[in-house]
Amino acid sequence: DGTVAGEVSYWIPVIRYLPLDRSEWRRKWYWWLHPYSRPSPGDDDLACQVAKMVLFDFLINNPDRFSGFNTMGNRGFKRLFFMDNTMSFGRSFKGHRVTRRYLGRVRKFSRSMIQAIMRLDERAIRKMVHDSRDAPWPILTDQEMNALLGRRDVLIEHVVRTVAQYGWPKTMVYP
């Protein structure tokens with residue numbers, strides 16, 4: 001009937017590899033996201049973006065973020081692009097072991113992101129992905145949806161435990 005399955009990607013005219021997956025950078029962002037660290041003002045915005053990316057990857061169950069050359073940013077490394085999510089939405093309620101490991105490293109959070117995650121429910125998610133009865137297959141299967149909601153709960157538990165351990169002022173540091 002002339003229908004072609006495909007996807008649309010936002011074109012980024014200038015993109016550079018930001019080696020967050022390399023040991024030197026990994027040590028940096030681990031430190032940035034520790035409750036007792038004080039990143040330099042120039043690093044604080046990138047630290048917030050890394051924290052958001054790790055939480056996002058946990059929610060969508062994307063285990064290959066730091067597997068090599070898939071942490072990309074703009075020319076001045078002021079903006080991190082959350083891309084290369086092709087391994088996402090596995091059916092694990094607790095998340096892939098890799099995403100759980102990185103989630104455990106994040107102990108500073110964006111208040112607005114955590115609030116948005118706490119509001120996530122099946123209806124909100126279906127609305128976001130524009131699940132349509134006309135699609136030739138579901139955007140998310142029922143199993144994938146249930147697993148996503150399970151990971152949301154695990155993530156919220158991690159945040160609650162982290163805040164209880166280190167306190168609100170040390171953990172809820174990003175807008």
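The values are calculated or read from the model by the stated rules, or taken from the named source; none is laboratory data. Quick caveat, the model's predicted, so the values are computed rather than measured. Note that we place each Cβ from the backbone using ideal geometry, even for glycine, and neighbour counts take in every protein chain shown. Note: accessible area is taken over every heavy atom of the protein model, side chains too, but ligands, DNA and RNA are not part of it. Shrake-Rupley method; radii C 1.70, N 1.55, O 1.52, S 1.80 Å.
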inquiry  = Please verify whether GLY90 is in contact with a helix residue (DSSP H, G or I) (Cβ under 9 Å, 6 or more places away or on another chain), on the phi > 0 side of the Ramachandran plot, in a loop (DSSP other than H, G, I, E, B) and modelled with pLDDT under 95, treating the condition exactly as stated.
reply    = no
query = Is it the case that some residue within the range 109-117 is of a type in the set (Val, Ile, Thr) and either open to solvent by less than 100 Å² (accessible area, probe 1.4 Å) or in contact with a strand residue (DSSP E or B) (Cβ under 7 Å, 6 or more places away or on another chain) (or both)?
reply = yes
task = With the condition kept exactly as written, say whether any residue in the range 129-136 is in a helix (DSSP H, G or I), farther than 29 Å from LYS170 by Cα, open to solvent by less than 40 Å² (accessible area, probe 1.4 Å) and at pLDDT below 95.
result = no
query = Looking at the range 49-69, which of its residues are modelled with pLDDT of 85 or more and over 11 Å from the mean Cα position of the chain (by Cα)?
reply = ASP64, PHE66, SER67
request  = Taking LYS28 as the residue in question, decide whether it is touching a residue at least 12 places away in the same chain (Cβ under 8 Å), surrounded by 15 or more Cβ atoms within 10 Å (Cβ to Cβ), in contact with a strand residue (DSSP E or B) (Cβ under 9 Å, 6 or more places away or on another chain) and farther than 22 Å from LEU140 by Cα.
outcome  = no
message = Tally up the residues in the range 56-78 that are over 17 Å from ASP21 (Cβ atoms) and touching a Leu at 6+ places or on another chain (Cβ under 9 Å), please.
response = 5
key: Matching entry among LYS78, LYS52 (being closer than 30 Å to VAL160 by Cα, touching a helix residue (DSSP H, G or I) at 6+ places or on another chain (Cβ under 9 Å) and part of a loop (DSSP other than H, G, I, E, B))   = LYS78
message = Need the failing condition index for ARG22 against (1) modelled with pLDDT of 90 or more; (2) closer than 25 Å to ILE156 by Cα; (3) basic (Lys, Arg); (4) surrounded by fewer than 18 Cβ atoms within 10 Å (Cβ to Cβ), just the number.
response = (2)
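Of all the residues that make up the range 31-49, how many are open to solvent by 80 Å² or more (accessible area, probe 1.4 Å), touching a residue at least 24 places away in the same chain (Cβ under 8 Å) and in a loop (DSSP other than H, G, I, E, B)?
1
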